[in-house]
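The values are calculated or read from the model by the stated rules, or taken from the named source; none is laboratory data. Just so we're clear, the structure is a prediction, and the values are computed from it rather than from any experiment. Cβ sites come from the backbone with ideal geometry, for glycine too, and all protein chains shown count toward neighbours.
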Amino acid sequence: MKKVISLLAFSVLTSAICILYGNWQTLPDAKINFTIDGLFGADVKGTISDLKSTIRFYPDDVPRSSITTAIRPATINTGNKKRDNHLKTIDFLEVEKYSSISFISKSFRQIGEYYVVEGDLTLKDVTKPITIPFEFINYGDSAVFRGDFNINRLDYHVGKRSHFMGNEVRIHLDIAVKKSLD
């Protein structure tokens, strides 16, 4: 009987540790970095902040992982207030009507020491599937999700064709997280 109780206690403890190990919380200063070609090939760099996520990432059981995340486009910052204000208007991000950009994962897989998440990106009135390759750098109670991917802003009704701005937006993720008991 003691062996059964010990085995049951061990199973419950192991399950609890596995569940907790996969829960991660983004740090309050988390943001997304982006770059787009500007006038005469000069890169315009910026950030969008106020990232909120529910992250369940299991390096030892990758397919079980999931992420739901949202970020507020009204926080866009390119270092140029006039440009930022224009990007928030109906001409581009239309932040009064679309207050959130979201990503919901559909699947995770591991390729060597790297990972890939596939899911749906919703920006304005468009939801499209995207694939994001990333690294997971674990420091114990904290970690970093690091990856790069591109989107075409025109696919998401962000602006119109322009000689002053490229269509391809390069997005760089460098998201610090900590273990969460949620």
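Among the residues making up the range 45-55, those that are over 17 Å from THR122 (Cα atoms) and either of a type in the set (Phe, Trp, Tyr) or surrounded by fewer than 18 Cβ atoms within 10 Å (Cβ to Cβ) (or both) are LYS45, THR47.
Filtered by the rule that a residue be in a helix (DSSP H, G or I) and closer than 12 Å to LYS31 by Cβ, the range 74-85 gives a lone residue, THR75. Is there a residue being assigned to a helix (DSSP H, G or I) and either at pLDDT below 95 or farther than 18 Å from ILE132 by Cα (or both) anywhere in the range 24-39? Yes, because at least one residue in the range 24-39 is assigned to a helix (DSSP H, G or I) and either at pLDDT below 95 or farther than 18 Å from ILE132 by Cα (or both). Taking the condition within 30 Å of LEU39 (Cβ to Cβ), among the polar types (S, T, N, Q) and at pLDDT 95 or above, does ASN152 pass? Spelling it out, ASN152 is indeed within 30 Å of LEU39 (Cβ to Cβ), among the polar types (S, T, N, Q) and at pLDDT 95 or above. The listed residues are ILE171, ILE130, and the only one of them that is closer than 17 Å to THR69 by Cβ and touching a Leu at 6+ places or on another chain (Cβ under 7 Å) turns out to be ILE130. For the condition of a type in the set (Val, Ile, Thr), more than 19 Å from THR47 (Cβ to Cβ) and surrounded by fewer than 15 Cβ atoms within 10 Å (Cβ to Cβ), ILE104 does not qualify. Tell me, yes or no, whether the range 94-101 has at least one residue that is in contact with a strand residue (DSSP E or B) (Cβ under 7 Å, 6 or more places away or on another chain), surrounded by 13 or more Cβ atoms within 10 Å (Cβ to Cβ), of a type in the set (Gly, Ala, Ser) and not in a loop (DSSP other than H, G, I, E, B). Looking for residues that are in contact with a strand residue (DSSP E or B) (Cβ under 7 Å, 6 or more places away or on another chain), surrounded by 13 or more Cβ atoms within 10 Å (Cβ to Cβ), of a type in the set (Gly, Ala, Ser) and not in a loop (DSSP other than H, G, I, E, B), one finds none in the range 94-101, hence no. Looking only at the range 115-164, residues that are in contact with a helix residue (DSSP H, G or I) (Cβ under 9 Å, 6 or more places away or on another chain), of a type in the set (D, E, K, R) and part of a strand (DSSP E or B) come to 1 in all. Can you find, within the range 40-60, the residue that is farthest from the chain's Cα centre (by Cα) among those that are in a loop (DSSP other than H, G, I, E, B) and not acidic (Asp, Glu)? So, considering only residues that are in a loop (DSSP other than H, G, I, E, B) and not acidic (Asp, Glu), the one farthest from the chain's Cα centre (by Cα) is ALA42.
Quick test of your reading of the structure: PRO63 fulfils all but one of (1) assigned to a helix (DSSP H, G or I); (2) touching a strand residue (DSSP E or B) at 6+ places or on another chain (Cβ under 8 Å); (3) surrounded by 15 or more Cβ atoms within 10 Å (Cβ to Cβ). Name the failing condition by number. Result: PRO63 passes all but (3).
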